[in-house]
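Colleague: The structure under discussion is supplied below as structure tokens; questions concerning it will follow.
The values are calculated or read from the model by the stated rules, or taken from the named source; none is laboratory data. These numbers were taken from a predicted model, which means no experiment stands behind them. Using ideal geometry, Cβ is built from the backbone for each residue, glycine included, and neighbour counts are taken over all protein chains shown.
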Amino acid sequence: MDPTLPPPANPRLTVVTRDVLADVEDQARSLAGWGQRYQQLSGGRFRGSMLGCSVDGLQFFVERLNQATHQTGPGPAGAIALAFPLACEGSGRVFGQTYDRDTLVALAPRQASDFRSPATLQLAGIAIEADALMRYAAWSDGETAVAAAVSRAVLTLAPASSARLRRRLHAAARLVADDPAALQRGQVVTALHHALLGAFVEAIGASCAADAGTASTPRPRAAAGRSRHRIVREAVEFMRAGVDQPLDMVDICAAVRVQARVLQYGFNEAFGVTPMAFLRGIRLHGIRRELRASTDEPIGDIAARWGLWHLSRLAADYRALFGELPSATRHRRASSA
């Protein structure tokens, strides 16, 4: 990744993807090489898209979402992932901290994300082998800042830094979307690498420099937020492990050793929903996955396996979350077979 090296003669370009997606789980799978799992939190029909390419070891992607989601899972093996919003309406949560239009997220290799996205989001990001990123950062005197950013995972950029990074990411997205054939040329690939890595390293450096001029003593509120984050994470793990069991608030509170009001507050802060609504969402997503598969099993039997036994309530909850009835999901799958 030495900027003084000549451009590659034959860039290794994977197919540029530009997909419009109508299911949140298809959105998660569209990011090649990632182990992401998405759960839709807000109600209504999902509409997303993914623009992406991978060239000479650098993966670049731009995704759009129209519903709030909870995203978990690691990035590509051995790669550092950096992501920043191009457009963001409202706020979310990432690793227990507030996420908004000035938030840059850095994931260490194989670090699992923990992200509640805003309802409307356009996100741009890169994934690159850790050593390659550090070599580039060292060349630009940003190695220490990048290492600190990966350790912290979440950075808040100043408005001027946000605006500059956003402009540069928009320019890269336009190149990939409008002229993907250009990525067959070595000079263009080198320019794209330098533009993307330079944009992120510069933004990270500016953030770390600004932080160096402020008090470094952790604020009690931030520490409390991290504690709530751990409680919520443990509760989610317990829910997923027992999703087919008739769990209630008492079971969940006992498992994570907190009172109900603490759990309620934590889930509202993290996801904007109650613990039981989140558990119901896990179950509804499981049912939807099975309905989208080729199976003729009765809907009631599938729902019971996921811990939901009342079909009338199932239909109402399913439509509220996904914007259609379970039978419509199955019919669309059968029609496309």
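Colleague: Taking strands (runs of 3 or more DSSP E) that do not extend beyond segment 58-104, which have at least 1 residues that are of a type in the set (S, T, N, Q)?
Modeller: Numbers: elements: 58-65, 69-74, 79-89, 92-94, 97-99.
Where strands (runs of 3 or more DSSP E) fall fully within segment 58-104 and carry at least 1 residues being of a type in the set (S, T, N, Q), they are 58-65, 69-74, 97-99.
Colleague: Taking segment 133-162 as the search range and keeping residues that are at negative phi and in a loop (DSSP other than H, G, I, E, B), which one is surrounded by the fewest Cβ atoms within 10 Å (Cβ to Cβ)? Lay out the reasoning, then the answer.
Modeller: At the first step, the residues of segment 133-162 found to be at negative phi are 133-140, 142-152, 154-162.
Imposing the further condition that a residue be in a loop (DSSP other than H, G, I, E, B) reduces the set to 140, 142, 157-158.
Working: 140: 16, 142: 24, 157: 21, 158: 13.
Top of the filtered list is 158.
Colleague: Can you name every residue in segment 74-88 that is surrounded by fewer than 17 Cβ atoms within 10 Å (Cβ to Cβ) and at pLDDT below 95? Don't jump to the end; show me each part of the working.
Modeller: First, pick out the residues of segment 74-88 that are surrounded by fewer than 17 Cβ atoms within 10 Å (Cβ to Cβ): 77-78, 87.
Residues satisfying the conditions are 77, 78.
Colleague: Only one of (1) closer than 13 Å to residue 24 by Cβ; (2) more than 11 Å from the chain's Cα centre (by Cα) is not met by residue 63, so which one is it?
Modeller: Unmet condition: (2).
Colleague: Given (1) assigned to a helix (DSSP H, G or I); (2) under 20 Å from residue 35 (Cα atoms); (3) among the charged types (D, E, K, R), where does residue 110 come up short, assuming only one miss?
Modeller: Of everything listed in (1) assigned to a helix (DSSP H, G or I); (2) under 20 Å from residue 35 (Cα atoms); (3) among the charged types (D, E, K, R), residue 110 misses just condition (1).
Colleague: Looking at 87, 79 in this structure, which one is in contact (Cβ under 8 Å) with a residue 40 or more places away in the chain and assigned by TED's automatic domain parsing to the domain that holds residue 164?
Modeller: Values: 87 fails: in contact (Cβ under 8 Å) with a residue 40 or more places away in the chain.
Going through 87, 79 in turn, the sole match is 79.
Colleague: Would you please name the residue that is surrounded by the fewest Cβ atoms within 10 Å (Cβ to Cβ), looking only at residues in segment 167-192 that are in contact (Cβ under 8 Å) with a residue 40 or more places away in the chain and under 22 Å from the mean Cα position of the chain (by Cα)?
Modeller: Selected residue: 177.
Colleague: Another question about this same structure. It is to be established whether one or more residues within segment 292-308 are within 24 Å of the chain's Cα centre (by Cα) and either surrounded by 12 or more Cβ atoms within 10 Å (Cβ to Cβ) or of a type in the set (Val, Ile, Thr) (or both).
Modeller: The answer is yes; a qualifying residue exists.
Colleague: Of the conditions (1) more than 23 Å from residue 236 (Cα to Cα); (2) in contact with a helix residue (DSSP H, G or I) (Cβ under 9 Å, 6 or more places away or on another chain); (3) part of a helix (DSSP H, G or I), residue 290 satisfies every one except a single condition; which number is it?
Modeller: (1)
Colleague: Taking segment 5-50 on its own, how many of its residues are outside any loop (DSSP other than H, G, I, E, B), of a type in the set (A, V, I, L, M) and either modelled with pLDDT under 90 or in contact with a Ser or Thr (Cβ under 7 Å, 6 or more places away or on another chain) (or both)? Can you show your working first?
Modeller: Here is the first cut: in segment 5-50, the ones outside any loop (DSSP other than H, G, I, E, B) are 13, 17-21, 24-29, 37-40, 48-50.
So of that shortlist, the ones also of a type in the set (A, V, I, L, M) come out as 13, 20-21, 24, 28, 50.
Then keep just the ones that are either modelled with pLDDT under 90 or in contact with a Ser or Thr (Cβ under 7 Å, 6 or more places away or on another chain) (or both); that gives 13, 20-21, 24, 50.
Here the count works out to 5.
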